[in-house]
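A.B. asks: Questions regarding the structure given below will be posed in turn.
The values are calculated or read from the model by the stated rules, or taken from the named source; none is laboratory data. From a predicted model like this one, the values you see are computed outputs, not experimental measurements. Note that we place each Cβ from the backbone using ideal geometry, even for glycine, and neighbour counts take in every protein chain shown.
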C-alpha cells in the first residue's frame with residue numbers, strides 16, 4: 001500500500017481503519033459519510049411494551065448492536081427493562097450479526113437463532129424459513145433505515161410486521177471532507193475507496209448532486225480500487241454503476257483490509 005491514497009467513508013470505526021491503512025504504508029483520507037442520529041421516541045417504546053403485553057410478538061429480530069443498545073437504554077430510563085426481558089423470553093429471538101449478539105449477551109437475553117454470514121436480510125430469512133409466521137406478529141429492530149426487503153418477505157408469508165426505530169442515518173453535520181474527497185476523485189488523486197455501508201455510497205452521491213458532480217461520480221470511482229464490506233454494500237454500489245473491485249469475506253474489517261492490500265499490491 002506504500003504511498004497509496006485510500007479514502008475511508010466509515011464514521012464510527014474510521015480512525016481505526018485509517019490506522020490499519022497507515023500501518024501498511026498507505027495514506028488514509030478520512031471522509032465520514034454518515035452520522036447515526038438517535039431516533040427513539042420514549043413514547044413509542046412505552047406504546048410498544050403496552051402493545052406487546054396484549055399481542056405478543058412470536059419473533060423478535062435484532063439487526064444491529066447500536067440499535068439493540070439504544071432500545072435497552074430507553075427501557076432502562078423508563079424502568080421497563082425487566083418487563084422487556086420477560087417479553088423476549090416468551091418470543092423467538094433472532095439476530096442478524098455478531099454485534100447485536102454481544103449486546104443481548106450483556107443483558108442476559110437468550111438467543112434462539114443466529115443468521116449465517118454474511119449477515120444479510122437473505123440469511124435472516126433463510127434462518128427462519130422453516131418457522132411458521134402466518135398470522136403471527138414479528139418485531140424488527142430497525143437500523144438506520146427501514147428494511148423493506150425483510151419486511152416485504154415476511155409479510156408475503158402472512159406475518160404482521162412492526163419495526164421499532166432506534167436511530168437513523170443522516171449526512172454528517174460537516175460534509176467538507178466529502179466535498180474534498182469528490183475533488184480528489186475528480187483529480188485522480190485517490191487510489192482506493194473503502195465502503196463499509198451501503199448508505200455511504202448514497203450519501204456520497206447526494207453530496208455530489210449538491211455540487212453538480214453526480215454525473216461523473218461513477219466513472220471517477222471506477223478508476224479506483226473499490227473495496228466493499230459485503231454483499232449488501234456491493235449491491236448498492238452496482239446500482240450506482242460502481243461494481244466493487246473486491247468484497248470482504250467474511251464481511252469484517254480484517255478480511256476487508258487483507259483483500260484491499262492484496263488488490264493494491266497487485267495493481
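A.B. asks: Within the set of pairs 6 or more residues apart or between chains, which connect a residue that is farther than 20 Å from residue 262 by Cα inside region 1-14 to a residue that is surrounded by fewer than 19 Cβ atoms within 10 Å (Cβ to Cβ) and modelled with pLDDT of 90 or more with Cβ atoms less than 6 Å apart?
C.D. replies: These pairs meet every condition: 14/30.
A.B. asks: For region 185-199: of the residues being touching a strand residue (DSSP E or B) at 6+ places or on another chain (Cβ under 7 Å) and over 13 Å from residue 8 (Cα atoms), which is surrounded by the most Cβ atoms within 10 Å (Cβ to Cβ)?
C.D. replies: Restricting to residues being touching a strand residue (DSSP E or B) at 6+ places or on another chain (Cβ under 7 Å) and over 13 Å from residue 8 (Cα atoms), the top hit is 199.
A.B. asks: Give region 246-257 a look and list any residue that's surrounded by 14 or more Cβ atoms within 10 Å (Cβ to Cβ), outside any strand (DSSP E or B) and without any contact (Cβ under 8 Å) to a residue 40 or more places away in the chain, or say none.
C.D. replies: Correct list: 248, 252, 255.
A.B. asks: A follow-up question, please. Which count do you get for residues in region 102-121 that are out of contact with any helix residue (DSSP H, G or I) (no Cβ under 6 Å at 6 or more places or on another chain), at pLDDT 95 or above and more than 21 Å from residue 80 (Cα to Cα)?
C.D. replies: 2
A.B. asks: For region 65-88, state whether one or more residues are closer than 18 Å to residue 133 by Cα and under 24 Å from the mean Cα position of the chain (by Cα).
C.D. replies: yes
A.B. asks: Could you tell me whether region 222-243 includes any residue that is free of Cβ contacts under 8 Å to residues at least 24 places away in the same chain, assigned to a helix (DSSP H, G or I) and in contact with a helix residue (DSSP H, G or I) (Cβ under 9 Å, 6 or more places away or on another chain)?
C.D. replies: Yes: region 222-243 contains one or more residues that are free of Cβ contacts under 8 Å to residues at least 24 places away in the same chain, assigned to a helix (DSSP H, G or I) and in contact with a helix residue (DSSP H, G or I) (Cβ under 9 Å, 6 or more places away or on another chain).
A.B. asks: Under 8 Å between Cβ atoms, at least 6 apart or on separate chains: pull out the pairs that start in region 146-158 with a residue that is assigned to a loop (DSSP other than H, G, I, E, B) and end on any residue that is loosely packed, with under 14 Cβ neighbours inside 10 Å and at pLDDT 95 or above.
C.D. replies: Close Cβ pairs (under 8 Å, with a partner that is loosely packed, with under 14 Cβ neighbours inside 10 Å and at pLDDT 95 or above) amount to 157/134; 158/134; 158/135.
A.B. asks: Next up: Just to be sure I understand, how many residues within region 81-101 are surrounded by fewer than 19 Cβ atoms within 10 Å (Cβ to Cβ), modelled with pLDDT under 95 and in contact with a helix residue (DSSP H, G or I) (Cβ under 7 Å, 6 or more places away or on another chain)?
C.D. replies: Number satisfying all stated conditions: 1.
A.B. asks: Select, from 101, 111, the only residue that is touching a residue at least 12 places away in the same chain (Cβ under 8 Å), within 22 Å of residue 69 (Cβ to Cβ) and part of a loop (DSSP other than H, G, I, E, B).
C.D. replies: None of the other options fit; the residue is 111.
A.B. asks: Go through region 27-58 and give me each residue that's surrounded by 15 or more Cβ atoms within 10 Å (Cβ to Cβ) and in a strand (DSSP E or B).
C.D. replies: Correct list: 27, 28, 29, 30, 35, 36.
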